Amino acid sequence: MSVTVETGTTLAFDRFWRWLKRHANCILRAGTSDAYLYDHEDLHWHLEEDEDRTPTIQVLRGKQLLGEILIEAREVMFVQAMPDPDGDQGQFLFELVGGSGEEPYAVYHVVVAHGFDEEAQHRPQLKQ
């Protein structure tokens, strides 16, 4: 199967998901073509898998769920990482690419405050 990829790095979804769970506080935006969830200083992100092991991205205020994206991992062929063309310097866009091999498209996206680095660690901290 041949897929044309724009400039950027490609990752397997499972590898990306494990990394993203360690960087939940770095998420700035997540969404689909129909819906977006945005970060705010009053909100926090929660990433988990439900009982069927479906990856879930949630944004919460305290314990109140404000928005949720369920990721159909079977639909994701790979994750493409690139600097966010619409964001500030240092922000990265991760597109979860699905569709057919002939016409792939971004099914989901996540914008993170930094690029993919498996060795980078963050100290747990409260938002300022």
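The set of residues from region 26-43 being in a strand (DSSP E or B) and in contact (Cβ under 8 Å) with a residue 60 or more places away in the chain comprises Ile27, Leu28, Arg29, Ala30, Gly31, Thr32. Restricting attention to region 23-51, the residues that are farther than 20 Å from Asp88 by Cα and of a type in the set (Val, Ile, Thr) add up to 1. Of all the residues in region 86-109, those that are more than 14 Å from the chain's Cα centre (by Cα), under 18 Å from Tyr36 (Cβ atoms) and open to solvent by 40 Å² or more (accessible area, probe 1.4 Å) number 3.
Residues checked against (1) surrounded by 15 or more Cβ atoms within 10 Å (Cβ to Cβ); (2) of a type in the set (Gly, Ala, Ser):
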residue: His40; (1), (2): no, no
residue: Lys63; (1), (2): no, no
residue: Gly67; (1), (2): yes, yes
residue: Val76; (1), (2): yes, no
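Considering every residue within region 49-58, establish whether at least one is surrounded by 15 or more Cβ atoms within 10 Å (Cβ to Cβ) and more than 15 Å from Leu70 (Cβ to Cβ). No: zero hits.
Being touching a His at 6+ places or on another chain (Cβ under 9 Å) and modelled with pLDDT of 95 or more is true for just one of Leu60, Leu37, Leu43, Leu70. Which residue is that? Going through Leu60, Leu37, Leu43, Leu70 in turn, just one is touching a His at 6+ places or on another chain (Cβ under 9 Å) and modelled with pLDDT of 95 or more: Leu60. Mind listing whichever residues of region 11-32 are under 13 Å from Ile71 (Cα atoms) and open to solvent by 90 Å² or more (accessible area, probe 1.4 Å)? If the condition is that a residue be under 13 Å from Ile71 (Cα atoms) and open to solvent by 90 Å² or more (accessible area, probe 1.4 Å), then Asp14 is the only one that fits.
Tally time: how many residues in region 67-92 are of a type in the set (D, E, K, R) and in contact with a Ser or Thr (Cβ under 8 Å, 6 or more places away or on another chain)? Talk me through it step by step, then tell me what you get.
Let us first name the residues in region 67-92 that are of a type in the set (D, E, K, R), namely 68, 72, 74-75, 84, 86, 88.
Of the ones still in play, those that are also in contact with a Ser or Thr (Cβ under 8 Å, 6 or more places away or on another chain) are 68, 72.
Final tally of qualifying residues: 2.
The values are calculated or read from the model by the stated rules, or taken from the named source; none is laboratory data. None of these values were measured; they are calculated from a predicted model. Every residue, glycine among them, receives a Cβ derived from its backbone with ideal geometry; neighbour counts consider all protein chains shown. For the accessible areas, the whole protein counts, side chains as well, though only heavy atoms, and no ligand, DNA or RNA atoms are used. Shrake-Rupley method; radii C 1.70, N 1.55, O 1.52, S 1.80 Å.
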